[in-house]
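To start, the structure itself, in structure tokens.
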Amino acid sequence: EKAGARSKKTDTEQSEKLALKAEARRLEQEDTLTGLANRAHFLQQLDASLRDAELNRTRVGVIVLDLDGFSEVNDQFGAATGDRVLKSVARRLSNATENTGSILARLGGNSFGLAIDALQSTQALEDLAQRMRDVLVPPCTLDKLSLNLAASVGGAVYPDNATDSFGLVNAADGAMQHAKAGGGGF
């Protein structure tokens, strides 16, 4: 009986260790606030997509979306409200981009990224960017607060705009900054 009890204890310990390792791996890849992929995991997945695209001679698209005027939300209503808005935005963007062969991530702050494998056309990239902006149009309602959200969005395509993940994200971010300087949009 002692050997059986020892075996059950060992099995339980093994299960706990495996569960802890799985949780640690998840936390390494996930943004803890939104549950989306984090920047590091996004870049790893983008690297893999770029390797596939090079082999298969396909294109990869990247979209960077940044909420306009988000600092005012934190300043006027507090960081907790800002966090709730970011969670709402993450849910909306997830719904808008599911089944698109893409990975959605929170890149940091109020910035989100989308990488699209085997991009069919620049029009497909523009359509996804517009869909992402459209899902932010209905006001974000939190308690008695109703916030209108808007975003500036930029896109870039491999191999047209860059040939590595950092260059591609930087190109999309630069396009987003250009859109923001022009008053928003894509």
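Scan region 38-57 residue by residue and report those that are outside any helix (DSSP H, G or I) and under 22 Å from Ser94 (Cβ atoms). Steps first, please.
Within region 38-57, the first condition is being outside any helix (DSSP H, G or I), and the residues that meet it are 38, 57.
Matches in region 38-57: Asn38 only.
Those residues that are open to solvent by less than 60 Å² (accessible area, probe 1.4 Å) and without any contact (Cβ under 8 Å) to a residue 24 or more places away in the chain, I need them from region 83-108; list them, please.
Across region 83-108, the qualifying residue is only Gly101.
In the list Phe112, Phe70, Phe77, which residue meets the criterion of being open to solvent by 50 Å² or more (accessible area, probe 1.4 Å) and among the aromatic types (Phe, Trp, Tyr)?
Phe77
Conditions tested, residue by residue: (1) among the charged types (D, E, K, R); (2) modelled with pLDDT under 95; (3) surrounded by fewer than 16 Cβ atoms within 10 Å (Cβ to Cβ); (4) more than 16 Å from Gly108 (Cα to Cα).
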| site | (1), (2), (3), (4) |
| --- | --- |
| Gln14 | no, yes, yes, yes |
| Lys17 | yes, yes, yes, yes |
| Glu23 | yes, yes, yes, yes |
| Glu28 | yes, yes, yes, no |
| Asp31 | yes, yes, no, no |
| Asn38 | no, no, no, no |
| His41 | no, no, no, no |
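Could you say which residue among Arg51, Arg59 is within 23 Å of Gln130 (Cβ to Cβ), at pLDDT 95 or above and open to solvent by 60 Å² or more (accessible area, probe 1.4 Å)?
Numbers: Arg51 fails: within 23 Å of Gln130 (Cβ to Cβ).
Sole residue among the options that is within 23 Å of Gln130 (Cβ to Cβ), at pLDDT 95 or above and open to solvent by 60 Å² or more (accessible area, probe 1.4 Å): Arg59.
Any residue in region 173-180 that is open to solvent by less than 70 Å² (accessible area, probe 1.4 Å) and of a type in the set (Lys, Arg)?
Yes, the conditions are met somewhere in region 173-180.
Give the residue that is least open to solvent (accessible area, probe 1.4 Å), with candidates limited to residues of region 131-172 that are touching a residue at least 24 places away in the same chain (Cβ under 8 Å), part of a loop (DSSP other than H, G, I, E, B) and under 29 Å from Ala80 (Cβ atoms).
Leu136
Of the conditions (1) over 27 Å from Ala80 (Cα atoms); (2) more than 14 Å from the chain's Cα centre (by Cα), Ile116 clears all except one; give me its number.
(2)
Please go through region 98-130 and give me each residue that is small (Gly, Ala, Ser) and part of a helix (DSSP H, G or I), ordered by number. Don't jump to the end; show me each part of the working.
Going through region 98-130, the residues small (Gly, Ala, Ser) turn out to be 101-102, 105, 108-109, 111, 113, 115, 118, 121, 124, 129.
Ala124, Ala129 - these are the residues of region 98-130 that are small (Gly, Ala, Ser) and part of a helix (DSSP H, G or I).
The values are calculated or read from the model by the stated rules, or taken from the named source; none is laboratory data. Please read all numbers here as calculations on a predicted model, not as lab measurements. Because the Cβ atoms are built from the backbone with ideal geometry, glycine has one as well, and the counts that use them run over all protein chains shown. Note: accessible area is taken over every heavy atom of the protein model, side chains too, but ligands, DNA and RNA are not part of it. Shrake-Rupley method; radii C 1.70, N 1.55, O 1.52, S 1.80 Å.
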